[in-house]
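Visitor: One structure, pasted below without further comment.
The values are calculated or read from the model by the stated rules, or taken from the named source; none is laboratory data. From a predicted model like this one, the values you see are computed outputs, not experimental measurements. Cβ placement follows ideal geometry from the backbone for every residue including glycine, while neighbour counts extend to all protein chains displayed.
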Amino acid sequence: MSTHCCLVARAFGASEIVYTGQKDSGMEATVNRINNRWGSSFVVRHAKGYKEVIKKWKAKKGFVVHLTMYGLPFHKNMRKIPKNKNILIIVGGEKVPAEVYELVDLNIAVTNQPHSEIAALALFLDRYFSGKELDKKFTKAKLRIVPQEKGKKILSK
């Protein structure tokens, strides 16, 4: 799941992902290889614990959003997320500590039904960036897809 979360975050306009738990050098290497081939300055960073990440983010006046099916409906609450602050989006699995729900600025739900955290991240980022991330140009790309109605076309540098 971590690699897919990174790929979605990267493709949908996030600049960085910070993950906690066990360090996964293989996942980091995969994302860095993709950045190298497909372009991007997307950063993958490991941190020891979620508390330090949240506290440091808030100390820098950032805003923290937790994507959870238990949160407020995101389509009715996106306006609560400031556009003039850096946003930390927390994507957790089944066992998110109860403390996370209290530490964040906003618990928000794409739906109040069980679903994919990765799908929630994609939908959230698309709404947050108003679809503009879909036109993002990735810098220093060695490979680039040329959209086709049928077939595949990839340009390489």
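Visitor: Output the number of the condition that ASN36 fails; it satisfies all remaining conditions of (1) under 30 Å from LYS140 (Cα atoms); (2) loosely packed, with under 15 Cβ neighbours inside 10 Å; (3) free of Cβ contacts under 8 Å to residues at least 60 places away in the same chain; (4) not aliphatic (A, V, I, L, M).
Guide: (3)
Visitor: Can you name the residue in segment 102-134 that is of a type in the set (D, E, K, R) and crowded, with 18+ Cβ neighbours inside 10 Å and, of all such residues, is farthest from ARG79 (Cα to Cα)?
Guide: Selected residue: GLU117.
Visitor: For segment 127-151, how many residues are assigned to a loop (DSSP other than H, G, I, E, B) and acidic (Asp, Glu)?
Guide: Residues meeting the conditions: 1.
Visitor: So PRO97 clears everything in (1) modelled with pLDDT under 95; (2) under 19 Å from the mean Cα position of the chain (by Cα) except one condition, right? Which one?
Guide: (2)
Visitor: Looking at GLY92, GLY71, which one is within 22 Å of VAL53 (Cα to Cα) and surrounded by fewer than 17 Cβ atoms within 10 Å (Cβ to Cβ)?
Guide: Numbers: GLY71 fails: surrounded by fewer than 17 Cβ atoms within 10 Å (Cβ to Cβ).
Result of the check over GLY92, GLY71: GLY92.
Visitor: Taking VAL53 as the residue in question, decide whether it is assigned to a strand (DSSP E or B) and either surrounded by 12 or more Cβ atoms within 10 Å (Cβ to Cβ) or β-branched (Val, Ile, Thr) (or both).
Guide: On the way: assigned to a strand (DSSP E or B): no; either surrounded by 12 or more Cβ atoms within 10 Å (Cβ to Cβ) or β-branched (Val, Ile, Thr) (or both): yes.
No, not satisfied.
Visitor: Quickly run through segment 59-78 and pick out the residues that are without any contact (Cβ under 8 Å) to a residue 12 or more places away in the chain and either among the β-branched types (Val, Ile, Thr) or touching an Asp or Glu at 6+ places or on another chain (Cβ under 9 Å) (or both).
Guide: Once the filter is applied, which keeps residues that are without any contact (Cβ under 8 Å) to a residue 12 or more places away in the chain and either among the β-branched types (Val, Ile, Thr) or touching an Asp or Glu at 6+ places or on another chain (Cβ under 9 Å) (or both), segment 59-78 yields nothing.
Visitor: Being buried (at least 17 other Cβ atoms within 10 Å of the Cβ) and touching a strand residue (DSSP E or B) at 6+ places or on another chain (Cβ under 6 Å) is the filter here; which residues of segment 6-17 pass it?
Guide: Correct list: CYS6, ALA9, ILE17.
Visitor: Considering only segment 79-126, state which residues are among the charged types (D, E, K, R), without any contact (Cβ under 8 Å) to a residue 12 or more places away in the chain and in a helix (DSSP H, G or I).
Guide: ARG79, GLU102, listed by residue number.
Visitor: Identify the single condition in (1) among the charged types (D, E, K, R); (2) over 20 Å from ASP126 (Cβ atoms); (3) surrounded by 15 or more Cβ atoms within 10 Å (Cβ to Cβ) that ARG45 does not satisfy, given that it satisfies every other one.
Guide: It fails just one condition, (3).
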